[in-house]
Amino acid sequence: MLDSIATSITLNGDPYPLDRDTALTALLERLNMRRGRVAVEINHEIVPKARYDETMVRAGDHVEIINFVGGG
Amino acid sequence: MALRLSTGGRSTTEVATERILIVGLGGLGVPALWALARAGAQRKRLTIVDPDPVELSNLARQVIYRSRDAGTPKVDAAARWLVERFPDVNVERHPIALEASNAARLVAAHDFVIDATDNPAAKFLINDACIAARTPFVYGGVVGMTGQAMTVIPGETACIRCVFETPPDDNENQSCREAGIVGPVAGAIGEMQAAEAMRAWRAQRPLLSGKILTYDASGPARVRIAAVSPRPGCGCGAWKPESRDARSRREPQSPGN
């Protein structure tokens, strides 16, 4: 809705809108990224995969999602 | 000769950078090898490892091979090419796959490793062998229009397991076959890997130490370099409780970085 106050995070260096605090797993799903292939940093700290389910992404967070590239 | 590798101005690590191991002589390894040769690697000792023969389908992006090399082990074709152009090059050939049984011995005999392999399992194997031997290495990967690179200084900067923990469960070879490998993207990453090795042998800190570079030439193209911190609980030994405290203290002064 236009009159709602947009919440946003910084995702890989760019602003990314989030309408509310969001579970990391939900964000990954929305981005169509698979947890087994990615690394996630929130505010410059690596998030261990065991904590993905309990981790929330909040307004103002700096989120870096890195997809593993394993070919050559 | 042992050189001093500067590690951020606070401390130094004794690193000899005379013997360089290139694992894989495909889309990444060929440009890395060529770049090192042009950069004067003939005065270094290079070791090349790859179990595969040259195939005709390789020629478009693995530019040192010719059609007459088809069927020849890549290490032999590459060594012949190298010696023709750089007669005093010192190159050791291993027409084998890097495996758990030989990785430790091979890595320990070298001072810097270029991971130019084509599958996640090999990349994690190189990571683990280099961590155990405390040998710095540069990881590289490429699929389709996307490439990636990161240099690991064992015990100091984040390793592949700090960042990704375990190899992805799906089959990367399958995705490579589907997405292909785009020559210029592989070339860009392979050349960067060579540049990282050159910095190490000049006793300079490799630029991608503790930083992961993603070069995505698809869609909304972008180059992204993300600093990655060691992960508590990773067995590589790079995470130190005091480094976390230091980061926490710094953070208020550097928001947004």
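What follows is calculated from the coordinates using simple rules that are stated; it is not laboratory data. Please read these numbers as outputs of a predicted model, since none were measured by experiment. Methodologically, a virtual Cβ is constructed for each residue, glycine included, from the backbone with ideal geometry; neighbour enumeration extends over all protein chains shown.
Could you calculate the FRET efficiency of A:R34 with B:D88 from 1/(1 + (r/R0)^6), where r is the beta carbon distance between them and R0 is 41 Å, rounded to 0.05?
After rounding to 0.05, the efficiency reads 0.25.
If packing is taken as the mean number of other Cβ atoms within 10 Å per residue, what is the order of B:136-144, B:87-95, B:223-231, highest first?
Working: B:136-144: 28.3, B:87-95: 15.0, B:223-231: 18.0.
Those peptides, ordered most packed to least, come out B:136-144, B:223-231, B:87-95.
Could you pull out every one of the lysines with an alpha carbon less than 29 Å from that of A:K49, ignoring same-chain neighbours closer than 8 positions?
Cross-link targets: B:K123, B:K211, B:K240.
Spin-label point model (7 Å from Cα, Cβ direction): what's the B:A221 to B:A121 distance in nm?
Simple spin-label model gives 3.5 nm for this pair.
Using a Förster distance of 45 Å, how high is the FRET efficiency between B:R68 and B:R134, based on the Cβ-Cβ distance and rounded to 0.05?
0.60
Between A:A50 and B:E178, what FRET efficiency follows from the Cβ-Cβ distance if R0 is 25 Å, with the result rounded to 0.05?
Here the calculated transfer efficiency is 0.25.
In nm, to one decimal, how far is the B:S101 label point from the A:A59 one, both placed 7 Å along Cα→Cβ?
Distance between label points: 6.1 nm.
Quick check: from the Cα gyration tensor, does the range A:12-67 come out rounded (a/c under 1.5), prolate or oblate?
rounded
If amide hydrogens are placed 1.01 Å from N in the peptide plane, which non-local residues have theirs closer than 5 Å to the one on B:V54?
B:G71, B:T72, B:K74
When Cβ neighbours within 10 Å are restricted to other protein chains, what is their mean count per residue of peptide B:212-225?
That average works out to 2.
Count the DSSP beta bridges whose two residues both fall in the protein assembly as shown, then state the antiparallel fraction as a percent rounded to the nearest 5. If you can, show how the numbers build up before the last one.
Working: 39 of 60 bridges.
Within the protein assembly as shown, antiparallel bridges account for around 65 percent of the total.
If packing is taken as the average number of other Cβ atoms within 10 Å across a peptide's residues, how do A:15-22, A:40-47 rank, most packed first?
Ranked from most to least packed, the peptides come out as A:40-47, A:15-22.
Which far-off residues, 5 or more places away or on another chain, put their amide H under 5 Å from the one on A:M56, with H placed in the peptide plane?
A:L24
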